[in-house]
Each structure stands twice: as structure tokens, then as C-alpha cells.
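The values are calculated or read from the model by the stated rules, or taken from the named source; none is laboratory data. Here the structure is a predicted model, which is why all the values come from computation and not from measurement. Here the Cβ is made from the backbone with ideal geometry for all residues, glycine too, and neighbour counts use every protein chain on show. Protein only, heavy atoms only, side chains kept; ligands, DNA and RNA dropped before computing areas. Shrake-Rupley method; radii C 1.70, N 1.55, O 1.52, S 1.80 Å.
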Amino acid sequence: MHDTKVDVVGIGNAIVDVLANCKEEDLARLNLVKNSMTLIDADTADSLYEQMGPGLEMSGGSAGNTMAGIAALGGKGAYIGKIRDDQLGQVFSHDIRAIGVTFNSTPATEGSPTARCLIFVTPDGHRTMNTFLGACTELGPEDIDEDLIKSAKLTYLEGYLWDRPEAKEAFIKAAKVAHEAGRQVSISLSDAFCVDRHRESFRDLVHHHIDVLFANEDEIKSLYEVETFEEALAEVRKHCKVAALTRSEKGAVIVSDDELYEISAEPVARVVDTTGAGDLFASGFLYGYTKGHDLATCGQLGAICAGEVISHMGARPVADLKELVEKAV
């Protein structure tokens, strides 16, 4: 049995977020649809990047956001993701390490460049996103650091990665390594459309390899092909040790075999940007879970962190999360 040196290791899409302010006419000139998220190729990414004004470049991605939240809470987090040995790969590495997350993935020397999400922010605060997935889609079993997985209390998987066979193999390998070391495995289903595309393989993963499942209402209903949240709730508790199911303004429901807790959404003066709400809910929950808190407290910590991130632009916390949660624990 390895010593646990890490609370949570996340495996996800290593994406650099590039944010720049723009005018409404810039969107028209670049043929961008306001408020959309569009998948783009490498040439389009290079062209748009060259035409962006001065901006902010920072590590992003769903699991990356969750690990940033865990670090902000004072937890020990690590991250596995595929980057290239290029400028944006250096940006990703430096940024995620600077916020306190261990990142030792070796940059690829060939293949696609580092993934990036080019975000054009108009004066009204709306964001138009253009995502090139690049190197992060090439993550495979060879990228899984077995010693790191063994040293973590829990391994957290990002469902967005599930599209490619190599990523599936990487997830199964990580889960097996974790369980053989007596650790736990968690996943966020990430997106209902992703679940629709891979329902059977997702079910197999959840039923045989996952201890802690994160999903929103649409994702969990899609997974079990049911009409109501209550039906999905009854189904999921048969298969996972713990499920944390978020329901936007309705809060969340946390279930295990014999426990059920309804968690109220944290009051927020004004919802500014819901990007990252699920990611930060997972941060709070997993921080509490790996510190041994009861499930109700874990859910409350998740709600507090989600409430913080939706109160401002961006998917990373800006307030002191430690201070926000200290009363809850």
C-alpha cells in the first residue's frame, strides 16, 4: 500500500483558456456566432489567435477547474493531461502549477498542438468560445502515471475525454490501478450529449469502476434513459457507492446505499456566469470527502464553492474558498 501524498488526482482535457475583450463588430468580422461554443480545427485556431487582442491566458478544462478549486481549499491536488511542447503547453504547465496543483505530465514532442479555447468577451460580458481540442484528445494509457494514481486517495475522471478509444483505455487503466491500491475512483459525466453518444460504455464504466459519481439532472436521466429525476435516483444508488447529483437552482441530492441528503443551492446575490458551477461543486465535495467529512457536509461544501464561481465571470474561484467554507466544517 502506497502512502497517500495526494488527496485527488484529476485526469482531463488540458486546455488553455485565452480570453480577450472584443467589440460586437469584431464577432461579425470574424464570422463568430455570439454566445456559442464551436469546435474548430488547428488552422482556424491559429488564425483566430493571431487576430485576438491582448488577453489573459490560463490553464482550463473541466477537471482542471476542479483541481484548482481543491487547491484553493487547501487540498493536495495533482493533474494528468496531454499537452504539446509548445508555447501554450508551457502556459498550461506554469499556470496549473502556480495555483498549487502538481502537474508532471511529459509534453508530447509530436502530434497535435496544445488545446486551447479562444474566448471573445463582448462589452456586455457575454463570451463566445472557439475550442480546438488538439493534443488533449491524444491522451492514452501510456500517459497514466501509476505511482501518482496509487499515491492519491481518489482519482477523478473528466467525462468529456470519453470520446476516443485510447482515452477509454486510459480511464480503465487508471481505475484498475487505483482500486488495486485500495483507492477510490470518481467521474463527472460532463455533458448529456456525451452520455447520449456513449451510454452503454458509460454505464459499464459507472457500474464496474466508479465509487463517486457526479452528474446533473439531464446527464443522470440520459444515463438510465428515464423520464424523471426520481427514477434516475433509484437506479444510480444501486450501482455507485456515492452519487452527487446537481440540479441548478434546486441544489443537489447526495445518495448512497442507505443515505439521501437534499442540499440547498447557496444564495447568490446575482448569477453572473454559470461556467464551472459543476466543476467547483465537485471541488468542494471531493475536498470534504477526502478529508473524511459526512456526505451532507460534502454536499454543502460543494454548494458553497459552486455559489462562489457563478457570482463572477470565469470558471476559477476569486474569493477565498477556505474562508467561505470554514464555518461549514
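The residue that is farthest from residue 298 (Cα to Cα), counting only those in the range 63-119 that are out of contact with any Lys or Arg (no Cβ under 7 Å at 6 or more places or on another chain) and aromatic (Phe, Trp, Tyr), is 92. Might you check whether a residue that is hydroxyl-bearing (Ser, Thr, Tyr) and in contact with a Cys (Cβ under 9 Å, 6 or more places away or on another chain) occurs anywhere in the range 155-167? The answer is yes; a qualifying residue exists. Restricting attention to the range 202-249, the residues being among the hydrophobic types (A, V, I, L, M, F, W, C), more than 19 Å from residue 281 (Cα to Cα) and part of a loop (DSSP other than H, G, I, E, B) number 1. Only residues that are assigned to a strand (DSSP E or B) and open to solvent by 60 Å² or more (accessible area, probe 1.4 Å): list them for the range 58-78, please. Correct list: empty.
Look through the range 79-99, keep the residues that are within 18 Å of residue 12 (Cβ to Cβ) and not in a helix (DSSP H, G or I), and return whichever of them is modelled with the lowest pLDDT. Per the stated criteria, the residue is 99.
Listed here are the residues, each with its yes/no results for (1) surrounded by fewer than 22 Cβ atoms within 10 Å (Cβ to Cβ); (2) outside any helix (DSSP H, G or I).
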site: 111; (1), (2): yes, yes
site: 120; (1), (2): no, yes
site: 160; (1), (2): yes, no
site: 168; (1), (2): yes, no
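Scanning for something of a type in the set (Ser, Thr, Tyr), assigned to a strand (DSSP E or B) and out of contact with any Gly (no Cβ under 7 Å at 6 or more places or on another chain), does the range 22-42 turn up at least one residue? Checked the range 22-42: at least one residue is of a type in the set (Ser, Thr, Tyr), assigned to a strand (DSSP E or B) and out of contact with any Gly (no Cβ under 7 Å at 6 or more places or on another chain). Is it fair to say residue 246 is at pLDDT below 90, open to solvent by 10 Å² or more (accessible area, probe 1.4 Å) and within 19 Å of the chain's Cα centre (by Cα)? Taking the combined requirement at face value, the residue does not satisfy it. For the range 196-208, the condition of being within 28 Å of residue 311 (Cβ to Cβ) and either surrounded by 15 or more Cβ atoms within 10 Å (Cβ to Cβ) or small (Gly, Ala, Ser) (or both) holds for none of the residues.
Each residue in the range 275-306 was checked for being on the phi < 0 side of the Ramachandran plot and either within 16 Å of the chain's Cα centre (by Cα) or β-branched (Val, Ile, Thr) (or both), and 19 of them qualify.
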